[in-house]
Amino acid sequence: MNSEDKNYKYFKKEENNLKKKYPKEFVVICDKKIVFHDKDLNKTIEFARQLEAGKYIIQKCETNEANNIQMFHTRVRF
Amino acid sequence: MQNFTAFTKEEKGLINVLKTQVVITIDKKINPNYVKIKDNYTAIWDTGATNTVISEKLAQKLNLTPIGKANVSTAGGIIEVNKYVLGLKLPNNLKIKNVLVTAGKLNDTDFLIGMDIINLGDFSVTNLNGKTTFSFRYPSCETIDYVLQARELKYKNLRKQLKQMENQIKKGGKCPCGSGRKFRYCHGKNQIKQIKEELEKVKI
């Protein structure tokens, strides 16, 4: 399992707690730890630029479930 | 009104797909293994897409580094797919930095521009005289409301009509109905009353 998958697995496991702790914020997860959080995506990316690419993920702690799921009504398949 | 950047795409006839070219800008610290393929990519503007999508094949060819995952609703349920960060340059050098794009299977385009980008600005599609004009500006700076525009137009026309009738009354002319009575004492009185009532209804 690569770093991205490990960090994402941690996010999914802790998702409910993180949503309570950092509602509507972006979190940077590195080595299965929250190393940064902010409501602003640009600030979050600016922080993430200092880290080694591929070793971290950025996820939004979206409290509104409807906003958490992307919808495509036309030409895209997954 | 605040300053904004915009682009307009005019077509010779009516179009059923809103397509533009986009240029991608890459931050090497986020995507260190990026491989440049070409300068311009095709993008379809899709109001049915909640988010901006990059073709999965293109993301692989560009060797982008995933920055997390997104939940996507499909016919088979909710699945998790990679997302990436890049900057997009829209026509007329309209730059949007740090766009989170989701990877998906796209057949006829490299990108779908979704509501995440459309919501940043004002987006319009007009079809006057059988010619589609598609325009986008960033950031959003004005509300376009066709209902309000129709009311304003109606109000303006009624005011004009009222002024014409009042002038007719001032001149003391005869009613055009042929009764021989003065307009003021024949149809004029009722017509002015009706216009004033209409004006009250459409008053903004």
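Name the residues in the stretch A:17-75 that are hydrophobic (A, V, I, L, M, F, W, C) and in a helix (DSSP H, G or I), would you? Of everything in the stretch A:17-75, those that are hydrophobic (A, V, I, L, M, F, W, C) and in a helix (DSSP H, G or I) turn out to be A:Leu18, A:Leu41, A:Ile45, A:Phe47, A:Ala48, A:Ala66. B:Asn129 meets each of the listed conditions (1) without any contact (Cβ under 8 Å) to a residue 24 or more places away in the chain; (2) part of a helix (DSSP H, G or I); (3) farther than 30 Å from B:Met1 by Cα apart from (3).
Would you confirm whether any residue within the stretch B:142-163 is modelled with pLDDT under 95 and touching a Gly at 6+ places or on another chain (Cβ under 8 Å)? No, the stretch B:142-163 has no match at all.
Counting only strands (runs of 3 or more DSSP E) that sit wholly inside the stretch B:28-95, those with at least 2 residues that are surrounded by fewer than 22 Cβ atoms within 10 Å (Cβ to Cβ) and either more than 10 Å from chain A (Cβ to nearest Cβ) or within 23 Å of the chain's Cα centre (by Cα) (or both) are B:41-45, B:77-90.
A count restricted to the stretch B:112-139 and to residues that are touching a Gly at 6+ places or on another chain (Cβ under 9 Å) and either loosely packed, with under 10 Cβ neighbours inside 10 Å or within 18 Å of B:Thr52 (Cα to Cα) (or both) stands at 8. Cβ separations smaller than 7 Å between residues 6+ apart or across chains give the following pairs from the stretch B:147-173 residues that are free of Cβ contacts under 8 Å to residues at least 12 places away in the same chain to residues that are assigned to a helix (DSSP H, G or I) and surrounded by 11 or more Cβ atoms within 10 Å (Cβ to Cβ): B:Gly173/B:Phe183. Restricting the stretch B:100-150 to residues that are more than 20 Å from the chain's Cα centre (by Cα) and among the charged types (D, E, K, R) leaves a set whose member that is farthest from the other protein chains (Cβ to nearest Cβ) is B:Asp110.
In the stretch A:43-54, the count of residues that are more than 8 Å from chain B (Cβ to nearest Cβ) and closer than 23 Å to B:Ser55 by Cα is zero. If you check A:Lys12 against the conditions, is it assigned to a helix (DSSP H, G or I) and free of Cβ contacts under 8 Å to residues at least 12 places away in the same chain? Criteria met by A:Lys12.
With respect to (1) assigned to a loop (DSSP other than H, G, I, E, B); (2) surrounded by fewer than 15 Cβ atoms within 10 Å (Cβ to Cβ); (3) in the same structural domain as B:Ile26 (by TED's automatic domain parsing); (4) of a type in the set (Ser, Thr, Tyr), the lone exception for B:Thr109 is condition (2). Taken residue by residue, the stretch A:38-45 has at least one member that is of a type in the set (A, V, I, L, M) and free of Cβ contacts under 8 Å to residues at least 24 places away in the same chain.
The values are calculated or read from the model by the stated rules, or taken from the named source; none is laboratory data. Computed from a prediction, not measured in an experiment: that's the story for all the values here. Note: ideal-geometry Cβ built from the backbone for every residue, glycine included; neighbour counts use all protein chains shown.
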